[in-house]
Amino acid sequence: MAGWGDDPELERLRGLIEEGWEVTDIVEDGNAPGGPLDTVKIAKDGATQEISSDHLAFHRYVEYLREQGA
């Protein structure tokens, strides 16, 4: 997993959630090439997106989303 520095994918995910996108699924891949990878699937108005990152801060945010019932 990458370190604690800035993660553009985390900022992108947070921004989309603030815009009303809803988390539809969270997938953890502990065996991804290069190390563990989290993927968050989101949807809004019939559109879907997947945002993935191996960053530690992203992983912590994914844990927070799970605690919130996402």
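Of all residues in region 50-70, which are surrounded by fewer than 14 Cβ atoms within 10 Å (Cβ to Cβ) and either under 13 Å from Val23 (Cα atoms) or touching a Leu at 6+ places or on another chain (Cβ under 6 Å) (or both)? Those that are surrounded by fewer than 14 Cβ atoms within 10 Å (Cβ to Cβ) and either under 13 Å from Val23 (Cα atoms) or touching a Leu at 6+ places or on another chain (Cβ under 6 Å) (or both): Glu50, Glu63, Tyr64, Arg66, Glu67, Gln68, Gly69. Just one of the listed residues (Asp25, Asp38, Asp45, Asp29) is under 14 Å from Asp7 (Cβ atoms) and of a type outside the set (A, V, I, L, M), and it is Asp38. Residue count for region 55-64 under the criterion of being under 12 Å from Thr39 (Cα atoms) and hydrophobic (A, V, I, L, M, F, W, C): the result is 2. I'd like the residue in region 18-35 that is over 10 Å from the mean Cα position of the chain (by Cα) and at pLDDT 95 or above and, out of all such residues, is surrounded by the most Cβ atoms within 10 Å (Cβ to Cβ). Filtering first and then ranking leaves Trp21.
The values are calculated or read from the model by the stated rules, or taken from the named source; none is laboratory data. Everything quoted here is computed from the prediction, not taken from an experiment. Here the Cβ is made from the backbone with ideal geometry for all residues, glycine too, and neighbour counts use every protein chain on show.
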